[in-house]
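See structure below.
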Amino acid sequence: MISKYRCHPIQIIVNIWRLLILLLIPLIRGLFNAITGDLVSWLSGAWLDICIVASILGLGIIQWFCKVYYADEKGITLEQGIIKKQISFIPRENILSIVTTKRFFLRPFNAVHVRADTLGGSFQNADFNVLLTKKRMEMLKKSLFNENHETKKLYQSNLIYVIALSLISSNSFAGIIIITTFISNLGEALGKELSKRIYDTFHLVSQKLAFGIPPAAANIAFILFIGWFVAFIKNVIKYRNLTVSQKGDYINVKGGIFTINNCFLDPKSFICLDIRQTLLTKIMRVDSLFVHAIGMGKYENDLSALVPGVKHKHLNAVIKDLSPKFVPTNPTLKPNFGAVMRFIADPLYFCASIPLLTYILIQNYPDWRDFLMSIAALPMVPALWFLAVRFIDLFTSGISKKNGCYTIRYSKGFYFHTIVVPKDKIIAVKTRQSIFQKMDNRCDVFIYTCSEGITTHKCRNLIKSDVLKIFERN
């Protein structure tokens, strides 16, 4: 008889946390106030909130009790539902990835998030997503995987490369969202006065460090820097100790300090490899290797980089160890230099419009001259950087095909991408011509792939007849 198991009991709190937190915060704060005052009066006034909290908690316990799973060599079965029971079965051969996540705040409870994905699953949610004890998680893996295979280590991250990846991939706005959400939640829990003091302290520090810059401009610059720094630290923590190994048919990617992600990927889940560079890493000849795979990178805190950094001369050797069919080749279809404006028109527009707009504003608001000049410098740096990226892209972009595998080189934003994708993983190819491109048989090419969402890869100004030939279209 197959044994059925329930999720970790902490799943009860995880499932209802968002509802419960709205009522628990005022209840706990009110309780602290009542301890020093009239407890009986507080209980008589808060009885309705207490009943609602108890009802939500009771519903969570019932949901947890009615949710069971079991796994064997055939696959995973999940049963859930209170009134109407739902039974989901995922065949073993269809499971392309299993991801386990050990979050730092769940470690004291010995709890691990486990999820499994298939090719036919949702982009937003995993096909199988439960919270288990570490023991149950190991039992689940043992049921699905052959544990007799020897583990072969393929890659061990270097701290310098992890820092380099974090430097180039961190986003100021992502960090700002993290900071503001944290301060807002802290204000709800401990009072708005604390949040106000944090914002006032930040404003005072930015004024002290302004060094002659107008205070408003200094505040914006410091906000962007702090946001970037928070995102940078988050990425270092996420990719620290990253290792890639092979066990049997599966690639195992593991990394993190506080939250440890462990991804077991079937090579069949690989849609394409994405070799990324920035302007600086291209000059330094260092590559970062990402993978578009089913179940990997589905959520914000997931690992998506297989190799945070590797010298360009060692790249092909690393890729051959991971998946031999994904080795990149040099482009055979390239844009011509006469298409230079198609590459640099957008960044030139930004480079020209920023000084022009600043000049117009200074003419209308002369008293704000220093402030406007300081603000204009902020977007001018990325605009010039964008111009340099697009200019280099003119000489490095293109498409090639070898052994049924395409190599697509292009730039997007501030990154250079080299996409290596098998023919059967491309879901669509589209060409587009302007009036001027029709004159010399040129076109822009859009290649679409699908892993955890649709991704578009664009190459500019290639010969249309060669594009149709390489993609075997008449």
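The values are calculated or read from the model by the stated rules, or taken from the named source; none is laboratory data. Quick caveat: nothing in here was measured; it's all calculated off a predicted structure. Positions of Cβ are backbone-derived with ideal geometry, glycine not excepted, and every protein chain shown enters the neighbour counts. Side chains included, ligands, DNA and RNA excluded: accessible areas come from the protein's heavy atoms. Shrake-Rupley method; radii C 1.70, N 1.55, O 1.52, S 1.80 Å.
Globularity index of segment 277-337 is 1.32 (Cα radius of gyration / 2.2 N^0.38 Å, N = number of residues). Sorted from longest to shortest, the spans of the Cα atoms of segment 57-145 along the three principal axes equal 37, 34, 26 Å. In the structure shown, the pairs Lys282/Lys438; Lys84/Lys134; Lys247/Lys268; Lys320/Lys412; Lys238/Lys412 are assessed against 22 Å; a Cα-Cα span above that value is assigned to Lys282/Lys438; Lys84/Lys134; Lys320/Lys412; Lys238/Lys412.
A convex hull fitted to the Cα coordinates of segment 362-474 yields 156 cubic angstrom per residue.
Per residue, segment 307-347 exposes 52 Å² of solvent-accessible protein surface, assessed with a 1.4 angstrom probe and all protein chains in place. For segment 222-300, the extents of the C-alpha atoms along the principal axes are 48, 32, 20 Å, listed from largest to smallest. In loop segments of segment 47-141 as defined by DSSP, the chymotrypsin sites (Phe, Trp or Tyr not before Pro) with at most 13 further C-beta atoms inside 10 Å of their C-beta are Phe104, Phe105, Phe123. Sequentially through segment 389-404, phi angles give Karplus couplings (6.51, -1.76, 1.60; θ = phi - 60°) of 4, 5, 5, 5, 4, 4, 9, 10, 7, x, 9, 9, 9, 8, 6, x Hz, Gly and Pro residues having no value and appearing as x. Each 10 Å bin from zero up to the one holding the largest Cα-Cα distance in segment 309-436 carries the following percent of pairs: 11, 28, 27, 18, 11, 5, 0.
Using a Förster distance of 22 angstrom, determine the FRET efficiency expected from the C-beta separation of Met139 and Leu119, and round it to 0.05.
Numbers: r = 25 Å, r/R0 = 1.16.
Here the calculated transfer efficiency is 0.30.
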